[in-house]
Each structure stands twice: as C-alpha cells, then as structure tokens.
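First up is the structure itself, then whatever we jot down about it.
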Amino acid sequence: QAAIGLTQLKKVERFIKKRRVLANLYTKMIAEGNLPIRTPKDRTHVRHVYQSYVIVLEGKPPRNEVISKLRTRGIECTIGTYSLSNLPLFRKEWSGRCPVGDQLFRNTIALPLYTEMTSEHIKRIVDVLAEILRNFR
C-alpha cells in the first residue's frame, strides 16, 4: 500500500490541476445557467483541491429530493457536508445550537467530480440539475 501511495503522490499535482479545471467548469456552467446555487470559492493564499465539488442549494428545494431525482437520472451524488449537531450521538445536546452547520447540512450536495470527467459529463449534470431545480420554483 505504501508503494502505491508513493506512486500516486508523484501524480498528485496533475490530479489537483485536473480537478480544479473541472470545478471551474462546473462553476462557470452553473453561473451561466443562473441557477439558485452557491458554488465553492477559492480563497486568497489557499488552494482548493476539490476533493469534492459541494454546492449549496439556495431557496427551498429539498436537498434529499434533488439528490433522489439526480440519482434517478443516473447522476450519483450525496449530502455535501454533515453537521455534527445533526448526528444521532450529538443531536440531543447540540440540536439547534449550530445554525450555520444545520443550514449547510440541509442544503448541500456533493456533485460527481473525478479526474476522468469531461466537459460533456459536467454539462449533462448541470443541465439535469437545472431542469430539476426549475420544477421546484
């Protein structure tokens, strides 16, 4: 496993570069579609490696329904981020005490992102997502 890990480390910069290109394409297509979505942002003096491409649904589309509809169209996605205050172990003591974390838990989706993706893959995902969100307006 260590040998495989060392070999992969030699390729890490190429992987990060590809993921950043794909993430920028997602961001551009979402912006062009004027979708009610907040996209990830790069920050000054930090480099986002886009291990995941997590979006925040704005407005009232139910995250779980959006995920379900994407999956029925062959687009695998999942909850974008978890808030510890929503997990069973912490819910009783922490419920309602982390409003930003709770809001993000309810409204984030991790869209597919892998180095073999193409612009056509991303276009299809954004097009399907736009169609689904239009039905919630």
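The values are calculated or read from the model by the stated rules, or taken from the named source; none is laboratory data. Quick caveat, the model's predicted, so the values are computed rather than measured. FYI the Cβ positions are ideal-geometry reconstructions off the backbone, even for glycines, and counts take in every protein chain you see. Accessible surface is based on the protein model in full, side chains and every heavy atom, while ligands, DNA and RNA are left aside. Shrake-Rupley method; radii C 1.70, N 1.55, O 1.52, S 1.80 Å.
Listed by chain and number, the aspartates and glutamates placed with their C-alpha closer than 16 angstrom to that of Lys123 are Glu32, Glu76, Glu131; residues fewer than eight positions away on the same chain are left out. Working note: 222 nm ellipticity from helices only, DSSP H runs with n ≥ 4, each -39,500 (n - 2.57), summed and divided by the residues of the chain, gives -16000 deg cm²/dmol to the nearest 500. The number of Lys pairs in segment 1-101 with C-alpha atoms less than 20 Å apart, excluding pairs fewer than 8 positions apart on the same chain, is 7.
Between segment 41-64 and segment 1-29, the alpha-carbon centres lie 17 Å apart.
Per the 1.4 Å probe, what fraction of the accessible area of the chain, in percent, lies on carbon and sulfur atoms? Heavy-atom surface of the chain belonging to carbon and sulfur, 1.4 Å probe: 55 percent. Using only side-chain charges placed at the Cβ, +1 for Lys and Arg and -1 for Asp and Glu, the dipole size of the chain relative to its Cα centre rounds to 200 debye.
Show log10 I(q)/I(0) for segment 1-116 at q = 0.19 Å⁻¹, two decimals, from a solvent-free Debye sum over equal Cα scatterers. Once normalised to I(0) and log-transformed, intensities are -1.10. Highest mean packing comes first when the peptides 75-83, 93-101 are listed by Cβ atoms within 10 Å, giving 75-83, 93-101.
For a Förster distance of 22 Å, can you work out the FRET efficiency between the beta-carbons of Lys41 and Gln103, rounded to the nearest 0.05? Could you put the intermediate results ahead of the total?
Details: r = 17 Å, r/R0 = 0.78.
Plugging the Cβ-Cβ distance into 1/(1 + (r/R0)^6) gives 0.80.
Protection proxy ranking for 28-37, 106-115, using the average of other Cβ atoms within 10 Å per residue and placing the highest first: 106-115, 28-37.
Accessible area per residue for the chain, computed on protein heavy atoms with a 1.4 Å probe, is 66 Å². Here's the picture: a label point sits 7 Å out from the Cα of Thr115 along the beta-carbon direction, and within segment 1-41 the residues with their amide nitrogen under 14 Å of it are 4-22. What the pair-distance distribution of segment 32-88 shows, using all Cα-Cα distances binned every 10 Å from zero, is 17, 44, 33, 6 percent.
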